[in-house]
Amino acid sequence: MTITVCVTAIIYWNNKRNALQAAATILKLQIQDIEENIETLKAEAIVGNSLSEQPLYYSRIIFEENSWLKYNHMFANKLKASDFETIDKFFKVAQEIKNSTDFYQNENPRFNKY
């Protein structure tokens, strides 16, 4: 019985550690992808001191799914509060940018798809 409990505990903690490592990898890759997409958007959409709407309409999607919303609970007690807040703010800004590009791509009458 004691061996069963020990083996079960080891398997549980190993699975939990693997899930945390997988979530960290997914978040790292998504952050890199979002940064690259935002840099591309900035390069295409900012002309001088103005924002051109057409690149917003034709831009790449900033991200498909917000992985931070899915995994942030796993990092709440693993990160310092300031680090957690920095990542949270990053994803909030990315979500605002995504919402803006979604607006231009879906609702802006100046760019209706025919």
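One table, with the values for the structure above:
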read-out	value
Extreme residue, surrounded by the fewest Cβ atoms within 10 Å (Cβ to Cβ), among residues of the stretch 1-43 that are within 23 Å of residue 75 (Cβ to Cβ) and touching a Ser or Thr at 6+ places or on another chain (Cβ under 7 Å)	26
Residue within the stretch 33-46 that is at pLDDT below 95, out of contact with any His (no Cβ under 8 Å at 6 or more places or on another chain), outside any helix (DSSP H, G or I) and not polar (S, T, N, Q) present	yes
Qualifying position, being modelled with pLDDT under 95 and loosely packed, with under 14 Cβ neighbours inside 10 Å, among 52, 82, 59	52
The stretch 65-84 residues that are closer than 15 Å to residue 19 by Cα, paired with ones that are modelled with pLDDT under 95 and surrounded by 10 or more Cβ atoms within 10 Å (Cβ to Cβ) (beta carbon under 6 Å, 6 or more apart)	74/20
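The values are calculated or read from the model by the stated rules, or taken from the named source; none is laboratory data. Keep in mind that this is a model prediction, so the values were computed, not measured. Counting neighbours? That spans all protein chains shown, and the Cβs are built from the backbone with ideal geometry, glycine included.
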